[in-house]
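Peer 1: Mind looking over this structure? Questions follow.
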Amino acid sequence: MTGPELAEAGRLLAAARRPVVFTGAGMSAESGVPTFRDAQTGLWQRYDPQELATPAAFRADPALVWGWYEARRRGVRRARPNPGHRAVAAIAARLPETVVITQNVDDLHERGGVPAPVRLHGSLFAPRCSACARPAPVPPDLPPPADPPVPPGGPEPHGGVESHAPEPPDGPLIPPACAGCGAPVRPGVVWFGEALPETALSAAVEAASACDLLLTVGTSALVHPAAEIPLVAARLGAPVVQVNPVPTPLDAICAVNLRGPAGEVLPALVRAAWPDAG
Ligand code: BV8
Ligand code: ZN
């Protein structure tokens, strides 16, 4: 990607000191993690993700919903951060006040070199009891493919847990029982109709209110209240730059719309901002 839009976005990034990078499922698409817009595959194709990702679905059929999340978690384990994730880490390394806010429940930002993104919708790697909220262990899996080394200070993927349990086939899976109260364990994600974690939401609103640039990457901006984060920044006068192959409801508030895949556009943007970045 080249052209005046990229040059303008590069100028805005080079001038920024407190950028926010706000990401959605498109950020991980090139890592092979399906977006919410992408058709589901296999057993899951007859289910609407927005129906499966609800407390009601889990109450109605815990094994179906747990199986879906376990399949997604195993898919993420097999995935790798893409050059887009690494470019976000490069921005954060160059501008220490950068805040990365994600809607994604995969751990590719962390494995890509961003130790502590603000997680609005939780994580696939933080199961807890559905009754007493007691944290539960992440089920053992086959060792993931070795990730390229993460810069010093980056987290050990998955706490270095290794095991040789055979991978169960994609399908319903009875959730483990809580070690404390015996109730079913649930995925540590925010389901539709559930409130976002207060700490994460307020950290996100605070960062968007204080930022001098907001980069929104790979989101359709349809799910609320997350979709309001870029609006907070724009309302307070910060320029917003969007990376998405297609138009979204955010187009109108953006100073620059970069139409392309994150894995290609973000490295080009870093080079445009800091030609010496190499
Ligand atoms: C709540 C975790 C109340 C689970 C998720 C206001 C207006 C309308 C509706 C509402 C409203 N307020 C609340 C609602 C209801 C609802 C909502 O927003 N519904 C929508 C569908 C209309 N919101 C809620 O229910 C929220 N909770 O309101 O609680 C409450 C309050 C107090 C007390 C009690 C209750 C909770 C919402 C969170 C739900 N959980 N995820 C899981 O993952 O299973 S949301 C989930 O879907 C994701 O986290 C993400 O947020 C969203 C998907 O959106 P995107 O990430 O943007 O992905 P998508 O696939 O849509 O788009 C991908 C984009 O990438 C596309 O634009 C594509 O072009 C682009 N792309 C593709 N490839 C690339 C690319 N871009 C760059 N590079 C590429 N290579
Ligand atoms: Zn419990």
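The values are calculated or read from the model by the stated rules, or taken from the named source; none is laboratory data. All values derive from a computational prediction rather than experimental measurement. Cβ: placed from backbone, ideal geometry, glycine included. Neighbour counts: every protein chain shown. The accessibility values were calculated without ligands, DNA or RNA, using every heavy atom of the protein model including side chains. Shrake-Rupley method; radii C 1.70, N 1.55, O 1.52, S 1.80 Å.
Peer 1: Could you say which residue among Val223, Val190 is surrounded by fewer than 19 Cβ atoms within 10 Å (Cβ to Cβ), within 16 Å of ligand 1 (Cβ to nearest atom) and either within 20 Å of Arg72 (Cα to Cα) or among the basic types (Lys, Arg) (or both)?
Peer 2: Within the list Val223, Val190, the selection yields Val223.
Peer 1: Any residue at all in region 137-160 that's modelled with pLDDT of 95 or more, within 16 Å of ligand 2 (Cβ to nearest atom) and surrounded by 13 or more Cβ atoms within 10 Å (Cβ to Cβ)? Explain how you work it out, then say what you get.
Peer 2: Of region 137-160, the ones modelled with pLDDT of 95 or more are 137.
After this cut, where a residue has to be within 16 Å of ligand 2 (Cβ to nearest atom) as well, the list is 137.
Going one step further and asking which of them are surrounded by 13 or more Cβ atoms within 10 Å (Cβ to Cβ), we end up with none.
Among the residues of region 137-160, not one is modelled with pLDDT of 95 or more, within 16 Å of ligand 2 (Cβ to nearest atom) and surrounded by 13 or more Cβ atoms within 10 Å (Cβ to Cβ), which makes the answer no.
Peer 1: Could you list, in sequence order, all residues of region 100-120 that are in a loop (DSSP other than H, G, I, E, B), under 28 Å from Arg17 (Cβ atoms) and open to solvent by less than 40 Å² (accessible area, probe 1.4 Å)? Steps first, please.
Peer 2: Kept after step one, since they are in a loop (DSSP other than H, G, I, E, B), are these residues of region 100-120: 103-107, 112-117, 120.
Those left that are additionally under 28 Å from Arg17 (Cβ atoms): 103-104, 107, 112-117, 120.
Gln103, Asn104, Asp107, Gly112, Gly113, Val114, Pro117, Leu120, listed by residue number.
Peer 1: Go through (1) open to solvent by 60 Å² or more (accessible area, probe 1.4 Å); (2) farther than 24 Å from Cys129 by Cβ and name the single condition Thr35 misses.
Peer 2: Here Thr35 meets the rest and fails (1).
Peer 1: Starting from residues that are of a type in the set (Asp, Glu) and under 10 Å from the mean Cα position of the chain (by Cα), keep the ones in region 79-119 and report whichever is farthest from Ala25 (Cα to Cα).
Peer 2: Only one residue fits best here, namely Glu110.
Peer 1: Now for a separate question. Step by step: first the residues of region 181-226, then only those that are charged (D, E, K, R) and out of contact with any Ser or Thr (no Cβ under 6 Å at 6 or more places or on another chain), then the one that is nearest to ligand 2 (Cβ to nearest atom). Which residue is that?
Peer 2: Glu194
Peer 1: Among (1) away from ligand 2 (no atom under 16 Å from the Cβ); (2) at negative phi; (3) modelled with pLDDT of 95 or more, which single condition is Phe58 missing?
Peer 2: (1)
Peer 1: Oh, and also: Within region 9-32, which residues are surrounded by fewer than 20 Cβ atoms within 10 Å (Cβ to Cβ) and within 9 Å of Ala273 (Cα to Cα)? It would help to see each step written out before you state the result.
Peer 2: Initial filter on region 9-32 (surrounded by fewer than 20 Cβ atoms within 10 Å (Cβ to Cβ)): 11, 14-15, 17-18, 30, 32.
The answer is Arg11, Ala14, Ala15.
Peer 1: Within region 231-259, take every residue that is part of a strand (DSSP E or B) and either hydrophobic (A, V, I, L, M, F, W, C) or at pLDDT below 95 (or both) and give me the one that is surrounded by the fewest Cβ atoms within 10 Å (Cβ to Cβ).
Peer 2: So the first thing to find is which residues in region 231-259 are part of a strand (DSSP E or B), and the list is 240-243, 256-258.
Next, only the ones that are either hydrophobic (A, V, I, L, M, F, W, C) or at pLDDT below 95 (or both) stay: 240-241, 243, 256, 258.
Working: Val240: 25, Val241: 27, Val243: 29, Val256: 20, Leu258: 25.
The extreme case among them is Val256.
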